[in-house]
1. Please tell me if GLY116 is free of Cβ contacts under 8 Å to residues at least 12 places away in the same chain, outside any helix (DSSP H, G or I) and over 16 Å from the mean Cα position of the chain (by Cα).
2. Test each condition in (1) open to solvent by 20 Å² or more (accessible area, probe 1.4 Å); (2) modelled with pLDDT of 85 or more; (3) β-branched (Val, Ile, Thr) for THR99 and report the one that comes out false.
3. Filter segment 108-138 down to the residues that are buried (at least 20 other Cβ atoms within 10 Å of the Cβ) and not hydrophobic (A, V, I, L, M, F, W, C), then identify the one that is modelled with the lowest pLDDT.
4. What are the pairs with Cβ atoms under 7 angstrom where one residue, in segment 77-94, is of a type in the set (Lys, Arg) and the other, located anywhere, is in a helix (DSSP H, G or I)? Sequence gap at least six, or different chains.
5. Residue by residue through segment 50-84, note down the ones that are under 24 Å from THR13 (Cβ atoms) and at pLDDT below 90.
6. Filter segment 12-49 down to the residues that are touching a residue at least 40 places away in the same chain (Cβ under 8 Å) and in a strand (DSSP E or B) and list them by number.
7. Do you know which of the residues in segment 1-11 that are open to solvent by less than 100 Å² (accessible area, probe 1.4 Å) and in a loop (DSSP other than H, G, I, E, B) is modelled with the lowest pLDDT?
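The values are calculated or read from the model by the stated rules, or taken from the named source; none is laboratory data. As the structure is a computational prediction, the values presented were derived from the model and not from experiment. Neighbour counts run over all protein chains shown; Cβ positions are idealised from the backbone, glycine included. We work out accessible area using only protein heavy atoms, side chains counted, and drop any ligands, DNA or RNA first. Shrake-Rupley method; radii C 1.70, N 1.55, O 1.52, S 1.80 Å.
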Amino acid sequence: MQSYIDRKLEYETKNDEGTFETITVEDSQILDIAQSKPVVILADAGMGKTLLMEKLAESGTIRTRLLSASALVQKSIERLNIQSDEILLIDAFDEIPSTSDNSGIDSVLNKLAKLGYPKFVLTCRSIRPLAKVVVKHNVYY
């Protein structure tokens, strides 16, 4: 059995003066942030992204649904049955395999678009695939 160690995460945001400032949050605050905007968690392999998502799924205070990016793509919209008060916890965004007609990342983004961009937290190993999120689908992190 693996034990979970709470951590602090950092992100940068522009303040009212237009300069960047670093914000530090505890992992327990991630779902609160996801209520108002998408959250993307970047970390190298083995840094505990999946464990963090499992911990968020167990929070009990906010409705969540944990699934891998490949499960999100494979399930029909009807079968997913996403509720408006639910936050999707999408793990392994950059690990989804490509198909002959579409990149795996495009498949995830297209499914999110079809779902009307529900609230979500997404994990990824690299910032590189996320450029498509910002440019193609106008989703910010």
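1. It is false that GLY116 is free of Cβ contacts under 8 Å to residues at least 12 places away in the same chain, outside any helix (DSSP H, G or I) and over 16 Å from the mean Cα position of the chain (by Cα).
2. Checking THR99 against (1) open to solvent by 20 Å² or more (accessible area, probe 1.4 Å); (2) modelled with pLDDT of 85 or more; (3) β-branched (Val, Ile, Thr), the one that fails is (2).
3. THR123
4. Listed pairs, sorted by first residue: none to list.
5. Of everything in segment 50-84, just one residue is under 24 Å from THR13 (Cβ atoms) and at pLDDT below 90, namely SER59.
6. VAL39, VAL40, ILE41, LEU42 - these are the residues of segment 12-49 that are touching a residue at least 40 places away in the same chain (Cβ under 8 Å) and in a strand (DSSP E or B).
7. Going through the qualifying residues, I end up with SER3.
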